[in-house]
1. Looking at (1) assigned to a helix (DSSP H, G or I); (2) at pLDDT 80 or above, find the lone condition where A12 falls short.
2. Could you tell me whether any residue of the range 17-40 is in contact (Cβ under 8 Å) with a residue 24 or more places away in the chain, assigned to a helix (DSSP H, G or I) and surrounded by 10 or more Cβ atoms within 10 Å (Cβ to Cβ)?
3. If I ask for residues that are modelled with pLDDT of 75 or more and charged (D, E, K, R), which ones from the range 15-41 would you list?
Amino acid sequence: MQGKNLFNFGPALGYFFRKNDPNRKTTFNLKTMHFINKLSMAMFLVCLLVMAFRFFTR
């Protein structure tokens, strides 16, 4: 059923709070890519909160 996985935020939250893999090399490009991904997801979530706040206060 599709509805069960609609609000499954486990993988997205796991991306923010996972530990570094000691077996994988980290380069500047990889660190930059992960930083930009985390920043864009955080901005998206803040925007959703602002939109919900505005929707419920009007």
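1. (2)
2. The answer is no, given that none of the residues of the range 17-40 is in contact (Cβ under 8 Å) with a residue 24 or more places away in the chain, assigned to a helix (DSSP H, G or I) and surrounded by 10 or more Cβ atoms within 10 Å (Cβ to Cβ).
3. Answer for the range 15-41, where residues must be modelled with pLDDT of 75 or more and charged (D, E, K, R): K19, D21, R24, K25, K31, K38.
The values are calculated or read from the model by the stated rules, or taken from the named source; none is laboratory data. Because the structure is predicted, anything quoted here is derived from the model rather than measured. No Cβ is skipped: glycine too gets one built from the backbone with ideal geometry, and neighbour counts run over all protein chains shown.
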